[in-house]
1. What do the square roots of 5 times the Cα gyration tensor eigenvalues come to for region A:53-151, in whole Å, largest first, as semi-axes of the equivalent ellipsoid?
2. Evaluate 2.2 N^0.38 Å with N set to the residue count of region B:79-220, then give the Cα radius of gyration divided by it.
3. Would you mind checking the pairs A:35/B:159; A:35/B:174; A:270/B:223 and listing those with alpha carbons more than 21 angstrom apart?
4. Taking every pair of alpha-carbon atoms in the protein assembly as shown, what share in percent sits in each 20 Å bin, from 0 to the bin with the longest distance?
5. If exposed means no more than 15 neighbouring beta carbons inside 10 Å and the site is in a DSSP loop, what's the longest run of chain B without any exposed trypsin sites (Lys or Arg not before Pro)?
6. If neighbour count is taken as other Cβ atoms inside 10 Å, put B:118, A:278 in order from fewest to most.
7. So what does log10 I(q)/I(0) come out to for region A:90-317 at q = 0.08, 0.14 Å⁻¹, using the Debye formula with one equal point on every Cα and no solvent?
8. Take chain A, mark every one of the GluC sites (Glu not before Pro) that falls in a DSSP loop and has at most 13 other Cβ within 10 Å, then report the longest stretch left between them, sites excluded.
Amino acid sequence: MSDIHLNSDIQFKQKAPLKQRKTGSERWRRIKRNKLLYLMILPGALFFITFKYVPMYGLVIAFQDYKPYKGISGSEWVGFEHFNTLFSDPQFWQIFANTLILFGLNILFFFPIPIILALMLNEVRHSLYKRTIQTLVYIPHFMSWVIIVSISFVMLTLDGGLINDLIVWMGFEKINFLLSQEWFRPMYVLQVIWREAGWGTIIYLAAIASIDPQLYEAARMDGASRLRQIWHITLPSIRNVIILLLILKIGDILELGFEHVYLLLNPVNKEIAEIFDTFVYTAALKNGQFSYGTAVGFFKSFVGLIMVMAANKLAKKFGDEGLY
Amino acid sequence: MVEDKKLGSRLFHITNYTLLGFIGLITILPFIHIIAGSFTTTAELARKPFVLIPTDWSLDAYRFVFSTDTIFRGLANSIGITFFGTMFSMFISCLMAYGLSRRDLDGRNVIMFFVVFTMLFSGGMIPTFLVVKELGLIDSYLALIIPYTINAFNMIILKSFFQNLPEGLEESAKIDGCTDFGIFFRIVLPLSMPVLATISLFYAVTYWNTYLPAILYLNDSDKWPVQVILRQIVVLATGLNVDDSGFEDSAPPSQAVKMAVIVIATLPVLLVYPFLQKHFAKGAFVGSIKG
């Protein structure tokens with residue numbers, strides 16, 4: 001994108017002395033000639049303005065005492081009052097901690113799995129076997145969180161759930177997975193792994209496919225075993241992709257998935273399961289605290305944006321092109 | 001030495017194949033268990049919990065599920081939302097993607113920046129909710145479609161695909177007196193069938209799986225898509241022992257009934273999955289994401 005931009009700039013500068021007076025009208029003529037193209041962009045542009053940019057303006061209610069019947073223009077301005085309340089609210093810090101812990105578990109237990117899976121798939125020589133396994137592990141990605149959580153609940157429930165029946169069969173006590181605090185986090189991470197591990201391999205497999213086969217040939221000549229080839233050729237070759245994805249993930253730190261957590265949430269695990277999104281939903285739509293909820297949401301989006309920009313800077317430092 | 005290496009390599013492959021087979025199996029075993037369980041009697045489920053192939057076939061669970069029209073209505077709602085939503089999203093996304101794919105368009109970098117920025121920062125749930133409310137879309141099916149018309153990521157994939165089509169085609173069509181609309185409909189779209197199929201299916205799966213928009217914007221339970229109903233029947237009843245399922249029977253739904261509802265909500269995605277898989281497995285679009 002930026003390359004193209006640069007090129008046209010250079011061309012423009014070179015031509016400038018010759019047609020200095022014409023350029024303005026030339027551009028105008030080009031715009032007029034392309035008016036149908038602008039017409040084609042218009043509906044999409046209206047969508048982005050209405051449902052993406054107007055809500056960004058709507059964030060101002062975080063600084064108001066917003067009342068639905070008064071609207072944004074009629075509501076009273078309160079400055080940073082909601083943010084002050086927020087930062088002195090112990091519940092807010094609890095939610096912040098919950099979010100960070102879930103994120104940390106995600107990086108620790110989920111992130112490496114697609115890499116390992118992709119490496120394993122890459123070693124399979126029979127393409128039919130490989131494709132079958134791929135077909136199977138991609139399936140859960142296309143299921144909604146409602147379905148993933150429903151299946152888990154049916155299997156984990158106390159009365160008649162498969163897992164608890166197996167536990168009893170092995171001679172242990174039943175475990176109330178669904179109404180417990182300590183099982184919430186493992187359950188969350190396992191569900192993320194089940195749904196996304198397979199799909200996550202796609203980008204790594206694409207990266208592995210672009211490695212020069214001559215490298216492996218040379219390694220084989222030198223007598224390197226398969227494991228050594230993976231360690232010394234495959235992994236270093238996809239290092240940049242791994243770093244880029246890790247950084248993108250860090251930029252996504254607060255996006256843990258409203259639907260997923262909301263579906264798992266219940267009064268028993270609320271203390272450790274509540275995250276920013278679920279808090280915003282309950283505050284605003286159940287309790288009518290629009291401004292307070294928006295302040296929490298604003299904080300989340302803002303931290304997210306900073307993290308993305310920092311992560312992008314880091315990516316560039318590692319020699320990658322970055323996101324933008 | 002040579003023998004050793006051969007043995008090591010064989011061991012490596014055997015372990016790898018076995019492990020992968022095991023991973024593939026545990027990924028889909030829950031689905032098989034749920035499908036099998038939905039076709040058995042509650043008695044068999046209680047007797048041997050780990051059902052993979054039912055011995056005691058029964059359609060009782062389905063008969064019970066379809067005894068009220070809750071599920072029928074949910075399915076009808078979901079099918080309607082998915083069909084019209086996908087058509088609308090594809091139309092608007094393709095138009096915008098084509099416009100932005102043309103290199104001679106002034107201001108296209110600026111527009112692209114504003115599109116990409118929405119992927120990094122958003123107004124969030126409440127301000128968006130207020131916009132939807134201001135537009136009078138609460139309790140309308142349109143609330144599940146219009147605010148989700150374009151997925152920026154999908155649109156960018158379309159744009160990169162259109163951009164990589166040979167430019168000569170468009171130029172020769174222009175010389176023949178074709179307008180931009182003509183080029184788009186008669187040349188660009190017919191050449192883009194694989195990517196159109198992939199992105200349509202992505203949109204369709206998203207609309208079929210829609211949940212958050214429904215609980216945000218629809219109070220009228222007659223309009224609920226099947227995902228919301230699934231949550232009422234399975235998640236609430238199982239996780240909290242709260243019965244909110246809407247069945248006249250006051251007892252919480254049995255395991256087999258919950259399984260049947262899950263199967264009904266899952267089936268359409270499983271049916272389109274082979275088509276979906278055929279396209280993305282080629283990896284044709286993965287490389288074009290960074291455009």
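Bear in mind that the values in this text are calculations on the coordinates, not laboratory data. Predicted model only: the values in this text are computed from it and were never measured. Cβ coordinates were reconstructed from backbone atoms using ideal geometry, including for glycine residues, and neighbour counts include every protein chain displayed.
1. 47, 19, 12
2. 1.18
3. Going by Cα-Cα distance, A:270/B:223 fall outside the 21 Å limit.
4. All Cα pairs considered, the percentages come to 16, 48, 31, 5, 0.
5. B:104-281
6. B:118, A:278
7. For region A:90-317, the Cα-only Debye profile gives -0.40, -1.03.
8. Longest site-free region, per DSSP loop and neighbour criteria: A:1-172.
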